[in-house]
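Here the structure is laid out as structure tokens; the discussion comes afterwards.
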Amino acid sequence: MNPYILATLLFGLGLGTTITFASSHWLLAWMGLEINTLAIIPLMAQHHHPRAVEATTKYFLTQATAAAMLLFASTTNAWLSGQWEIQQMSHPLPITMITIALALKVGLAPLHSWLPEVLQGLDLTTGLILSTWQKLAPFALLLQLQPTNSTILIMFGLTSTLIGGWGGLNQTQLRKILAYSSIAHLGWMILILQFNTSLTLLTLLTYFIMTFSTFLIFKLNQATNINTLATSWAKTPVLTTLAPLALLSLGGLPPLTGFMPKWLILQELTKQDLALTATLAALSALLSLYFYLRLSYAMTLTMSPNNTTGISPWRLHSMQNTLPLAITLMATLALLPLTPAMMALLVI
């Protein structure tokens, strides 16, 4: 892609998200979300592959539906209460409709079915943008909205954690596994949203760091399914040693960074007398942990089927910039001791 066009599209992505962040009026927020969607569509379709075009079409239709629902709900709210302000929502009907529209935008279960299909049709770089940056604007609106209907949020949260765990169990494609991982993590964030917004932001931040490092590991190894992971020991032996730790951090095992948000969320849910919800969320984390362990096993303890002419791939020098991977990988593995400091910052 032409670098000037790429710069314009990335600027559009940043602008759309910033407009949504800064808006207190529903029309401005909606406009920011639309700019965001329109900016990522050329990035998704840049390879002109039928899979990419199909994924782009699915993404556009889904986002357009969610945006139309959001606009309809905000207009309904203005009709009922005379208010266009995001923080002046009083009627339960538009609040519920906007919550559902934003859930469709980020891919919360049971409105999740587009996300694995879309992510599977993209390359890993665009998939990374879709899994991280594109979640920011809808989450900013959810945090401002503070939905009052706790039942619908807990339902979305539990369904997402369970479907995110179950859906990834029988997958062999890495992008689909990462999509189900994203759904499960979003479920954890939604569960705690109404009780502790600081904790939601902390979970979102740690999810971004862990997902960033995982996508970069797969990109460096040029891996798109489980079988190609088995050849990574010959290409990048040191990274192959560290990658299972990053995957287990995504699964939420101590003493890795991913344990921090899960631990704090379970603690907060128990404080709110939601012991059953906390138990179900913890059990669903075991489902996710299974497919992270499966990826770790494929990466470190198996060898790819070989032929007689070539036992292992060539270890050619990679031209990719590995500094972002090094920084995010260290953050993925070693931030747990900083939990008290992070909590103090978020409370301030």
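The values are calculated or read from the model by the stated rules, or taken from the named source; none is laboratory data. The model shown is predicted, which means the values in this text are computed figures rather than measured ones. Cβ placement follows ideal geometry from the backbone for every residue including glycine, while neighbour counts extend to all protein chains displayed. Ligands, DNA and RNA are excluded from the accessible area calculation, which covers all protein heavy atoms including side chains. Shrake-Rupley method; radii C 1.70, N 1.55, O 1.52, S 1.80 Å.
Give me a count of the residues in segment 106-120 that are touching a residue at least 24 places away in the same chain (Cβ under 8 Å) and not in a helix (DSSP H, G or I).
5
For (1) assigned to a helix (DSSP H, G or I); (2) open to solvent by 20 Å² or more (accessible area, probe 1.4 Å); (3) at positive phi, each residue gets a yes or a no:
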{"position": "L104", "(1), (2), (3)": "yes, yes, no"}
{"position": "L122", "(1), (2), (3)": "no, no, no"}
{"position": "T125", "(1), (2), (3)": "yes, yes, no"}
{"position": "I129", "(1), (2), (3)": "yes, yes, no"}
{"position": "A137", "(1), (2), (3)": "yes, no, no"}
{"position": "Q144", "(1), (2), (3)": "yes, yes, no"}
{"position": "T151", "(1), (2), (3)": "yes, yes, no"}
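With respect to A223, is the statement that it is aliphatic (A, V, I, L, M) and over 20 Å from the mean Cα position of the chain (by Cα) true?
no
Given the structure, is N221 within 23 Å of D123 (Cβ to Cβ) and touching a Ser or Thr at 6+ places or on another chain (Cβ under 6 Å)?
Judged against the criteria, N221 is a match.
With of a type in the set (S, T, Y) and touching a His at 6+ places or on another chain (Cβ under 8 Å) as the only criterion, which of S160, S90, S131 stands out?
S160
Quick one: count up the residues across segment 175-194 that are open to solvent by less than 10 Å² (accessible area, probe 1.4 Å), closer than 29 Å to L229 by Cα and touching a Gly at 6+ places or on another chain (Cβ under 6 Å).
Result for segment 175-194: 4.
Does A64 count as assigned to a helix (DSSP H, G or I), under 30 Å from G168 (Cβ atoms) and open to solvent by less than 50 Å² (accessible area, probe 1.4 Å)?
Yes: the conditions hold for A64.
Listed here are the residues, each with its yes/no results for (1) closer than 30 Å to T328 by Cα; (2) free of Cβ contacts under 8 Å to residues at least 60 places away in the same chain; (3) of a type in the set (D, E, K, R); (4) touching a helix residue (DSSP H, G or I) at 6+ places or on another chain (Cβ under 8 Å).
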site	(1), (2), (3), (4)
Q87	no, no, no, yes
P94	no, yes, no, yes
T126	yes, no, no, yes
W133	yes, no, no, yes
A137	yes, no, no, yes
T159	yes, yes, no, yes
Q171	yes, no, no, yes
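Considering segment 39-48 alone, what residues qualify as being out of contact with any Phe, Trp or Tyr (no Cβ under 9 Å at 6 or more places or on another chain) and either touching a residue at least 12 places away in the same chain (Cβ under 8 Å) or among the charged types (D, E, K, R) (or both)?
Applying the first criterion (out of contact with any Phe, Trp or Tyr (no Cβ under 9 Å at 6 or more places or on another chain)) to segment 39-48 yields 42-43, 45-48.
Selection gives P42, L43, Q46, H47.
Return yes or no: is I95 open to solvent by less than 70 Å² (accessible area, probe 1.4 Å) and assigned to a helix (DSSP H, G or I)? Even if it seems obvious, please write down each step before you answer.
Working: open to solvent by less than 70 Å² (accessible area, probe 1.4 Å): yes; assigned to a helix (DSSP H, G or I): yes.
For I95, the condition - open to solvent by less than 70 Å² (accessible area, probe 1.4 Å) and assigned to a helix (DSSP H, G or I) - is met.
Among what's in segment 16-33 and is touching a helix residue (DSSP H, G or I) at 6+ places or on another chain (Cβ under 6 Å) and open to solvent by 40 Å² or more (accessible area, probe 1.4 Å), pick the residue that is farthest from Q134 (Cα to Cα).
The residue in question is S24.
Give segment 195-238 a look and list any residue that's open to solvent by 10 Å² or more (accessible area, probe 1.4 Å) and not in a helix (DSSP H, G or I), or say none.
F195, N196, Q222, T224, N225, T231, T236
Mind listing just one residue for me: the one in segment 318-338 that is of a type in the set (S, T, N, Q) and in contact with a Ser or Thr (Cβ under 9 Å, 6 or more places away or on another chain) and, of those, least open to solvent (accessible area, probe 1.4 Å)? Walk me through how you get there before you give the answer.
Step one: filter segment 318-338 for residues of a type in the set (S, T, N, Q), giving 318, 320-322, 328, 332.
Right, trim to in contact with a Ser or Thr (Cβ under 9 Å, 6 or more places away or on another chain) and you get 318, 328, 332.
On the way: S318: 49, T328: 22, T332: 0 Å².
If we take residues in segment 318-338 being of a type in the set (S, T, N, Q) and in contact with a Ser or Thr (Cβ under 9 Å, 6 or more places away or on another chain), then T332 is least open to solvent (accessible area, probe 1.4 Å).
Within segment 246-265, how many residues are surrounded by fewer than 22 Cβ atoms within 10 Å (Cβ to Cβ) and either under 13 Å from G157 (Cβ atoms) or not aromatic (F, W, Y) (or both)?
Selection size over segment 246-265: 7.
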